[in-house]
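The values are calculated or read from the model by the stated rules, or taken from the named source; none is laboratory data. What you see is a predicted model, and the numbers here were worked out from it, not measured in a lab. As a convention, Cβ positions derive from the backbone with ideal geometry for all residues, glycine included, and neighbour counts pool all protein chains shown.
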Amino acid sequence: MLKQVADGVWVRQSDWVWSNATVVRGEAGLILVDPGIDGSDLNQLADDVDRLGIPVVAGFSTHPHWDHLLWHSRFGDVPRYATHGGAQAASEARERAQSMAAESASGIPLELIGLLTPLPDDGGPVPGEIVEHQAHAIGHAAVFLADRGVLLAGDMLSDVLIPLFDPRQDDQLRAFESALDRLAEAVRHVDVLIPGHGAVAEGPEVTARLAADRAYIDALRQGEEPVDARLEADWLAGIHQANVEQARSRSAG
Ligand SMILES: [Zn+2]
């Protein structure tokens, strides 16, 4: 079910890691941001979008990880955009993304994974401002809809996921610090925050999300163990350990 969270902004959450597909109304029509995850999710999203009665004019992928590179023929043969870096990384990682998708969820149209075009400088049909940074993945983008007070954060600012370092880039502490600085500018003008995974945040919860990611990164920068409620989830232990090791090797080297 699509839930409207702001004027012309709807969210549908999947069971798979609380993934959020976001539908944004632009001037020319709808933009589907990170639609997912499994085949029945995608079909239900297509049904929901049909009910809105507005054509889909584009897709947008916040970053080149498989769960953000999905599409379905029912959304139409329209351009699917990402940042230059994101589109490039997605095309290089396409086969890997296809096999990860096949392993992780059923009914995903594998042939449609990761077919992205760099977003034109004027943003094309995608409304708002793209906040690009290198935290979590190359060419990661948030979409900041200032006029609607909404930020689509991709895999940042989640209540269920700690910051996830990109193992392919070597200074993720610094990448997160600068990404969070950039997102903080947007957050000041935002009432609704839509993370790639987890609950939509509203009101004061929005700045609390930013503070939680910052506190986590600050602790790793200091070589301390973060005090973070998200770490109570056992399934994040391995990810946290990998982050700690990357942070440590960075400060040692
Ligand atoms: Zn994700």
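For the range 186-211, which residues satisfy the criterion of being at negative phi and assigned to a loop (DSSP other than H, G, I, E, B)?
Answer for the range 186-211, where residues must be at negative phi and assigned to a loop (DSSP other than H, G, I, E, B): R188, H189, V190, D191, G196, A199, V200.
Condition check: loosely packed, with under 15 Cβ neighbours inside 10 Å, within 23 Å of V17 (Cα to Cα) and in contact (Cβ under 8 Å) with a residue 60 or more places away in the chain. Does A242 satisfy that?
Yes: the conditions hold for A242.
Name the residue, out of L151, L183, that is assigned to a helix (DSSP H, G or I), buried (at least 22 other Cβ atoms within 10 Å of the Cβ), away from the ligand (no atom under 14 Å from the Cβ) and of a type in the set (A, V, I, L, M, F, W, C).
L183
Need pairs with beta-carbon distance below 7 Å; first residue at positive phi and within the range 141-159, second within 13 Å of the ligand (Cβ to nearest atom) and among the polar types (S, T, N, Q); sequence gap 6+ or separate chains.
G154/T62
Give the range 121-143 a look and list any residue that's within 19 Å of A175 (Cα to Cα) and not small (G, A, S), or say none.
I130, V131, E132, H133, Q134, H136, I138, H140, V143 - these are the residues of the range 121-143 that are within 19 Å of A175 (Cα to Cα) and not small (G, A, S).
Out of L180, L231, L220, I need the residue that is under 16 Å from the mean Cα position of the chain (by Cα) and farther than 23 Å from Q4 by Cα. Which one?
Residue meeting the stated conditions: L180.
If you take the residues of the range 161-180 that are within 16 Å of the ligand (Cβ to nearest atom) and in a helix (DSSP H, G or I), which of them is nearest to E245 (Cα to Cα)?
Q172
Being more than 16 Å from A211 (Cβ to Cβ), at pLDDT below 95 and acidic (D, E) narrows it down to one residue among D171, D147, D166; which is it?
Result: D171 is the single residue among D171, D147, D166 that is more than 16 Å from A211 (Cβ to Cβ), at pLDDT below 95 and acidic (D, E).
Output the residue which, of all residues in the range 4-25 that are within 11 Å of the ligand (Cβ to nearest atom) and under 13 Å from the mean Cα position of the chain (by Cα), is nearest to G124 (Cα to Cα).
Per the criteria, the residue is N20.
Of the residues that sit in the range 206-215 and are closer than 15 Å to L173 by Cβ and in contact with a helix residue (DSSP H, G or I) (Cβ under 8 Å, 6 or more places away or on another chain), which one is surrounded by the most Cβ atoms within 10 Å (Cβ to Cβ)?
D213
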